Amino acid sequence: MKLKDKNTGKFIGVATISGILTFAIACGLWYIVSGVNWLVFWGIPVTIISCWIIGALIAWLIIPDRKSYLLGIAAYLFTIGINFIIATVNFLNGEPSINGWIVLFAIGFAIISIPGAILLNLVTIRILK
């Protein structure tokens, strides 16, 4: 699809909301488990929401018009791929004592992103009708 399409902004907006939903779920679960408030660390929400926006843009540019029903799923997969790239860079440049946490965070991101992917897929089907 093209960036000049009238639905591009709507799709990226819903992807941003999916990123915010993913962050809210992860932040709430982490606070319940450890008592650490993620709202004071700006790098975490910026990274999560940026992964969703970049993944949605890549999916929007790659998926053709006739297969728009795959757009939400492709955005989720590209979002997970981008997150794994970031995790790999952090893993290779990180301290050995926290490398296990980086891998667990990447896998947890893939699992916690599922509600956002479902929301993105449902709204995308409605937008593109």
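One line per residue, one yes/no per condition, for (1) assigned to a helix (DSSP H, G or I); (2) among the aliphatic types (A, V, I, L, M); (3) open to solvent by 60 Å² or more (accessible area, probe 1.4 Å):
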{"site": "I48", "(1), (2), (3)": "yes, yes, no"}
{"site": "G55", "(1), (2), (3)": "yes, no, no"}
{"site": "K67", "(1), (2), (3)": "yes, no, yes"}
{"site": "G81", "(1), (2), (3)": "yes, no, no"}
{"site": "T88", "(1), (2), (3)": "yes, no, yes"}
{"site": "L104", "(1), (2), (3)": "yes, yes, yes"}
{"site": "I111", "(1), (2), (3)": "yes, yes, yes"}
{"site": "I125", "(1), (2), (3)": "yes, yes, yes"}
**Asked** Before we move on, is I73 in contact (Cβ under 8 Å) with a residue 24 or more places away in the chain and open to solvent by 30 Å² or more (accessible area, probe 1.4 Å)?
**Response** yes
**Asked** What are the residue pairs meeting all of these: first residue in region 115-129, first residue within 18 Å of F78 (Cβ to Cβ) and free of Cβ contacts under 8 Å to residues at least 60 places away in the same chain, second residue of a type outside the set (A, V, I, L, M, F, W, C) and buried (at least 16 other Cβ atoms within 10 Å of the Cβ), Cβ atoms under 6 Å, and 6 or more apart or on different chains?
**Response** N121/G72
**Message:** Looking only at residues that are without any contact (Cβ under 8 Å) to a residue 12 or more places away in the chain and open to solvent by 60 Å² or more (accessible area, probe 1.4 Å) in region 17-33, which one is nearest to A110 (Cα to Cα)?
**Reply:** W30
**Complete:** For region 7-16, the count of residues that are open to solvent by 30 Å² or more (accessible area, probe 1.4 Å) and in contact with a helix residue (DSSP H, G or I) (Cβ under 7 Å, 6 or more places away or on another chain) equals 3
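The values are calculated or read from the model by the stated rules, or taken from the named source; none is laboratory data. Source: prediction; values computed, not measured. Methodologically, a virtual Cβ is constructed for each residue, glycine included, from the backbone with ideal geometry; neighbour enumeration extends over all protein chains shown. Only protein heavy atoms, including side chains, enter the accessible area calculation; ligands, DNA and RNA are left aside. Shrake-Rupley method; radii C 1.70, N 1.55, O 1.52, S 1.80 Å.
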